[in-house]
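Chemist: Could you have a look at this structure, given as structure tokens, before my questions?
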Amino acid sequence: MNDKQIEKIYAGLLGKLIGIRLGAPVEMWSREEIKEKYQGKEGYLVDYKNFASDDDSNGPTFFFRTLLDYGIKPLPEDFGKTWLNYVPYLHSFFWWGGYGVSTEHTAYLNLLNGVNSPYSGSIEKNGLLIAEQIGGQIFSDFWGLVSLGNIDIAKYYAKLASSVSHAGLGIDGSIFVASAIASAFNQSDIEVVIQQALNELDSQSAYRLCLEDVIKFAKKTTDIEVCYQYIKTNYWKDKFAGNCHIIPNAALMVMSLIYGKGDFDNTLKICNEAGFDTDCNCGNVGTILGVLNGLDKINEKWRAPINDLYICSSVIGYLNIVDIPSMVFEIARQAHKIDKEYSGKYLAELEGNNDLSFVLPNSRHGFVNEKNMIYKYVYFGKENLDDNRYDPATSPTLYKGEILTITVKGFGKYKIFVENTQHQKFYSYETNEESISYPLTINGTILRYGIIYEGDIQIKNVKIEGKAEYYLDFANHQIEDYDLYHKEIQGCTHYSGYWTLSNGKLFTASTTESKLYTFKYSFSNISVETKFKKIYSGSAGLMFRVQGNRKCYELLVEEEKVVLYKYNDGVVETLISQDFKTNEEIILGVVFIKENIQIFINKKLFMMVKDYQFIIKGSVGLVAKNNASVEFSYLDIKEVD
């Protein structure tokens, strides 16, 4: 591994997000409509406040976590476990078009009902039509990026990951995209990149034969319109059933790559104007061209609106605010486990230094420089997002109790400010020294932080330390009300169930289970407390060290007992249980330090247990099960020594 490769990962990830953002507003439009809309316009069609990206980035970002959770040699079924752990129950993240209609919806329900990967995406289980839709290729970019140019590695991961939901040509598409990205690390000619990727497919693959035919035809004419009509005649969607088949889109992608001749801007323009699934196609093409050309060839008109930031839709809100440079180093970190050799200027970041250090060229970590303020959002709600297609939801990444240290370069005076969602601002003292530390005492949900300055000053480094705490008083809390179908409790995300604020309480109801999550993902030693009353039947309580839907501790007050469960990829273990029965409102608490778990009811120690194989870290949540309807008064979370 070398510095150039890490920078190519950065360029590839930026290219992916640029392509998605360019194509998203005109997805499924006709070629004529797109060309008319973009006529005379440079850059993006829509000026999003902060881009809440769609399935094209949700999928790659969280499926990649298979390597973080299971290591660099995961089993085939581990990729399916990753789906179940991070994907919300039948909302956000994907297009939930129905079983037998949406490939991802179909695969998810298969997994949920015990059909493991790769059978969850197989032709035998789902039929040819579902298996060969576009998702196989649109989720495969990270496998090319983590390969650092090793096509065998890219192909290996792409095949395993795409088989969760796809088969046949769907897997061929994933292999092509990942292999093309891998090839682009080492090549400068886009036609060589395409051919190397095609060589990874069976010579009789219909996917390969289609792309080779389009390439052959494209070389006969310089007129893109003639080639486009050839694709419409021979490979259009009227010849391939389903909502969004992989073949027509792959044909349009390779047409743009050939006629774009390796130029980033021109290739994306051709790809976007070609129509059909524009965000998917431009996203894949953007990754390939980003890696091929590097950062220097990505114009500021594309980079500035992205601002090193995208918002996702997993169940863990803390992970949904994706800082692109930090994600680059996470990808590089996994690549480094595969390729052990490295010596370069990014060693501290590669070893897991979580400071925001701005070492990557022109990186900005989501910071905005506006007049005499430089600031960064650490929470995104309705007022900060204007794209709600895939139900974005976040939890803050900065909390009361933490210590914020900002180091600057330049000359002048500055002070730190922190603002909550009530738009109350709090300020540190003013200084002209190189760095300043500010202990956070601000209540509520923190919205953003930054500096107010005089002179010529830039932020050089940001460090967050200390013990976080978060108090959610539901009598004074808010709902992020996006629309009729997308509502989130501020600062929280939900896996399942119906959650709302009513009569000063957090109310939930579900026929099976309701789960809501919040707080840091890196949370280890904890003190958590809630007050609640069961209004109707069932069980309710707390979750902690939550690493997703299937990895957590769950403390439930059931009908006649209190039980502590441990969930690990579908394996449920009862750690301790004790008789308890009440119809009254109760205060339920837990203190979990290393292997020691203490459980409190109404502020008194109720039972305790040790778990020597404990889950190391995770978020916090509330849960109701078994037809329960529950009112929660507050949730009090503290990180402890």
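The values are calculated or read from the model by the stated rules, or taken from the named source; none is laboratory data. Since the model is a prediction, treat every value here as computed from it, not as a measurement. Glycine also receives a Cβ, built like all others from the backbone with ideal geometry; neighbour counts cover every protein chain displayed. Accessible surface areas use protein heavy atoms only, side chains included; no ligands, DNA or RNA. Shrake-Rupley method; radii C 1.70, N 1.55, O 1.52, S 1.80 Å.
Chemist: Test S522 against the criterion of being within 24 Å of N627 (Cβ to Cβ) and touching a residue at least 12 places away in the same chain (Cβ under 8 Å), and give yes or no. Lay out the reasoning, then the answer.
Modeler: Numbers: within 24 Å of N627 (Cβ to Cβ): no; touching a residue at least 12 places away in the same chain (Cβ under 8 Å): yes.
Spelling it out, it is not the case that S522 is within 24 Å of N627 (Cβ to Cβ) and touching a residue at least 12 places away in the same chain (Cβ under 8 Å).
Chemist: Oh, and also: Is at least one residue of segment 293-301 open to solvent by less than 10 Å² (accessible area, probe 1.4 Å) and in a helix (DSSP H, G or I)?
Modeler: no
Chemist: Can you confirm whether F592 is touching a residue at least 24 places away in the same chain (Cβ under 8 Å), at negative phi and open to solvent by 30 Å² or more (accessible area, probe 1.4 Å)?
Modeler: no
Chemist: Restricting attention to segment 595-630, report how many residues are outside any strand (DSSP E or B), open to solvent by 70 Å² or more (accessible area, probe 1.4 Å) and within 15 Å of V563 (Cα to Cα).
Modeler: 1
Chemist: Among the residues of segment 66-85, write down those that are aromatic (F, W, Y), over 13 Å from Y156 (Cβ atoms) and under 16 Å from the mean Cα position of the chain (by Cα).
Modeler: Within segment 66-85, W83 is the sole residue that qualifies.
Chemist: Still on this structure, please answer the following. In segment 233-242, is there at least one residue being touching a residue at least 40 places away in the same chain (Cβ under 8 Å) and buried (at least 24 other Cβ atoms within 10 Å of the Cβ)?
Modeler: no
Chemist: How many residues does segment 356-376 hold that are in a loop (DSSP other than H, G, I, E, B), over 18 Å from I452 (Cα atoms) and open to solvent by less than 30 Å² (accessible area, probe 1.4 Å)?
Modeler: 3
Chemist: Please determine, by comparing only the residues of segment 550-559 that are in contact with a Leu (Cβ under 7 Å, 6 or more places away or on another chain) and open to solvent by less than 10 Å² (accessible area, probe 1.4 Å), which one is farthest from L111 (Cα to Cα).
Modeler: In this case the residue turns out to be V557.
Chemist: Something else: Quick one: E27 ticks every box in (1) in contact with a helix residue (DSSP H, G or I) (Cβ under 7 Å, 6 or more places away or on another chain); (2) open to solvent by less than 30 Å² (accessible area, probe 1.4 Å); (3) not hydrophobic (A, V, I, L, M, F, W, C) bar one, so which box is it?
Modeler: Status for E27: all satisfied but (2).
Chemist: Considering segment 404-461 alone, what residues qualify as being open to solvent by 30 Å² or more (accessible area, probe 1.4 Å), over 20 Å from N353 (Cα atoms) and of a type in the set (S, T, N, Q)?
Modeler: Q422, Q424, N432, T441, N443, Q458 - these are the residues of segment 404-461 that are open to solvent by 30 Å² or more (accessible area, probe 1.4 Å), over 20 Å from N353 (Cα atoms) and of a type in the set (S, T, N, Q).
Chemist: On to the next question. For residues in segment 456-491 being of a type in the set (F, W, Y) and assigned to a loop (DSSP other than H, G, I, E, B), which is modelled with the highest pLDDT?
Modeler: Looking at the filtered set, the residue picked out is F474.
Chemist: Look through A393, A332, A348 and report the one residue that is in contact with a helix residue (DSSP H, G or I) (Cβ under 7 Å, 6 or more places away or on another chain) and not in a loop (DSSP other than H, G, I, E, B).
Modeler: Only one candidate qualifies: A332.
Chemist: Can we say T500 is under 24 Å from A540 (Cβ atoms), part of a strand (DSSP E or B) and either in contact (Cβ under 8 Å) with a residue 40 or more places away in the chain or out of contact with any His (no Cβ under 6 Å at 6 or more places or on another chain) (or both)?
Modeler: yes
Chemist: Would you call I587 in contact with a Lys or Arg (Cβ under 9 Å, 6 or more places away or on another chain), open to solvent by less than 50 Å² (accessible area, probe 1.4 Å) and either more than 26 Å from H91 (Cβ to Cβ) or not in a strand (DSSP E or B) (or both)? Full working, then the answer.
Modeler: Working: in contact with a Lys or Arg (Cβ under 9 Å, 6 or more places away or on another chain): yes; open to solvent by less than 50 Å² (accessible area, probe 1.4 Å): yes; either more than 26 Å from H91 (Cβ to Cβ) or not in a strand (DSSP E or B) (or both): yes.
Criteria met by I587.
Chemist: Any residue that is buried (at least 16 other Cβ atoms within 10 Å of the Cβ) and touching a His at 6+ places or on another chain (Cβ under 8 Å) - is there at least one of those in segment 1-18?
Modeler: Checked segment 1-18: at least one residue is buried (at least 16 other Cβ atoms within 10 Å of the Cβ) and touching a His at 6+ places or on another chain (Cβ under 8 Å).
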